[in-house]
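Written below as structure tokens is the structure these notes are about.
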Amino acid sequence: MGIRRDSPKNSPRKKTTLKHLFDLDPKPYVGSPFPSPRRGGGGTDYEHDGILSAISYCTSVFTFTDPQESPSQQDLKRLKLMDVVSLLKSPKKPLHEQLFSPLMSMVSVNLFRPLPPPSKTSIVSALPDDEELSTFTPLWPHLQLVYDILLSLVLNVDSKKLKDYIDHQFIRNLLYLFQSEDPRERESLKNVFHRIYSRFTSYRSFMRKAMNEVFLHYVFETEKHCGIGELLEIWGSIINGFGVPLKEEHKLFLMRVLLPLHKPKGLQVYHRQLAYCVSQFVQKEPALGGVVVRGILRYWPITNCHKEILLIGELEELVENIDPDQYRTLALPLCSRITRCFNSCNSQVAERALYVWNNEQFVKMASEAMEEVFPVVVEGMERNLKLHWSKSVKQLTENVKAMLEEMDPPLYDKCLREIHHRESEAHREQIKRQQKWDQIETAAAKHSHFLQPTKTICVSSH
């Protein structure tokens, strides 16, 4: 008897189900981000190997400018990066610790790169009205996803487990990337850096010092940096969390870093963020208002009219927050600067300075030292009415003059008399000076022959 084989008729009939069909097909579904796990105990390892393979492929860097690069490979890398992002955002199960090292290595390879030299439009591109002139990096389709991966790691993984990978050098490298001219990259960097600051509490002191070094290098060395505004936005949220009374370290930051940032010629690029940081300090401790106002006056521009307009607005906001006990000491230097501004030949600066007198708090401050302030202001008003070329500036000057006359009519008249007296004295001095010059010229004309050179005639003997 040979071996018995069951014929199809004799063999037991299996039930065909969807589960049975799926079990027969070992190939994963095309739409799944990673290979599907096999049945049995090795499924986790198989999935782990697929993730590692995707991460390894993403370590290849494309420049998007080399014609030899394959567009299909660029698209494939983008798809694999999207798969990694979806894995990190999946709430099903936590990320395996063995993936931290390859993930952070892949992030470092893609992000930490030499930046191209700054273009001529780097400052202009940061202005709000010229966003279309910004320089955009061709790497952004990949960089955007890499920043999403890093942000997901920072948000979803315990900071203690990432400390071996996110260290001081990693933070310095992130700070370097703030020099990128692409505003999209700087925005992503701002979010990542701020999240690291909030979650890695032991790094906060180092991160503050590192940002301060960037600011000081910008102010006193280069005056070229694209990311000052984004770094100041981070600082704005940090200052908002400071407790009262402020620490001495934080006050020194205000005086040695924030106030000198009013000096560079690129102030208009980041002035909004800087003014917010400064106002936060004054709101927390109004006694710092005097230090801030004097610091801004120290860095007042001479020929940059746009900066003058910005600083006038900042001073006006500060007056509303400073301690009223400092009004008397600050009234004269502030009003003297505002007076020089509304005497400016630039009509925009003059009009902005005259509008300050519509601020009730500013008028209240000036009234605290009227005896010192009025002579300076009244003289500036009279000069505007006589000499300024702009009709609108003269009209605004008339309005402010009428308001000041109502505040203290006798003092205003006294100031006018003193002005007329000084003008008449100056006129008399000018007449005396002219008379002396006339006498000198007359005396010189009478004795002019003593000053003429003697004429000699040379006769040749030949």
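Residues that are among the hydrophobic types (A, V, I, L, M, F, W, C), closer than 25 Å to Lys89 by Cβ and in a loop (DSSP other than H, G, I, E, B) were ranked within region 150-178; the one that is nearest to the chain's Cα centre (by Cα) is Ile166. Ile322 meets the conditions (1) in contact (Cβ under 8 Å) with a residue 40 or more places away in the chain; (2) assigned to a helix (DSSP H, G or I); (3) open to solvent by less than 20 Å² (accessible area, probe 1.4 Å) in every case but one. The failed one is (2).
No other residue among Ser72, Ser105, Ser90, Ser122 is at pLDDT 85 or above, open to solvent by less than 90 Å² (accessible area, probe 1.4 Å) and out of contact with any helix residue (DSSP H, G or I) (no Cβ under 9 Å at 6 or more places or on another chain) apart from Ser72. Criterion applied to Glu248, Glu213 was being loosely packed, with under 15 Cβ neighbours inside 10 Å and within 30 Å of Lys161 (Cβ to Cβ), and the one residue passing it is Glu213. Search region 412-438 for residues being under 22 Å from Ala366 (Cβ atoms) and of a type in the set (A, V, I, L, M, F, W, C), and hand back the single one that is surrounded by the most Cβ atoms within 10 Å (Cβ to Cβ). Here the answer is Cys415. Only one entry in Leu332, Leu404, Leu310 is open to solvent by 50 Å² or more (accessible area, probe 1.4 Å), within 30 Å of Val291 (Cβ to Cβ), part of a helix (DSSP H, G or I) and touching a helix residue (DSSP H, G or I) at 6+ places or on another chain (Cβ under 7 Å), namely Leu332. Quick test for you: out of Phe206, Phe281, Phe215, pick the one residue that is touching a Lys or Arg at 6+ places or on another chain (Cβ under 9 Å) and at pLDDT 95 or above. Just one listed residue meets the conditions, Phe281. Checked against (1) open to solvent by less than 40 Å² (accessible area, probe 1.4 Å); (2) in a helix (DSSP H, G or I); (3) in contact with an Asp or Glu (Cβ under 9 Å, 6 or more places away or on another chain); (4) at pLDDT 90 or above, Ile51 meets all criteria but (4).
The values are calculated or read from the model by the stated rules, or taken from the named source; none is laboratory data. From a predicted model like this one, the values you see are computed outputs, not experimental measurements. All Cβ positions, glycine included, derive from the backbone under ideal geometry; neighbour counts span all protein chains shown. The area values use the complete protein model at the heavy-atom level, side chains included, leaving out ligands, DNA and RNA. Shrake-Rupley method; radii C 1.70, N 1.55, O 1.52, S 1.80 Å.
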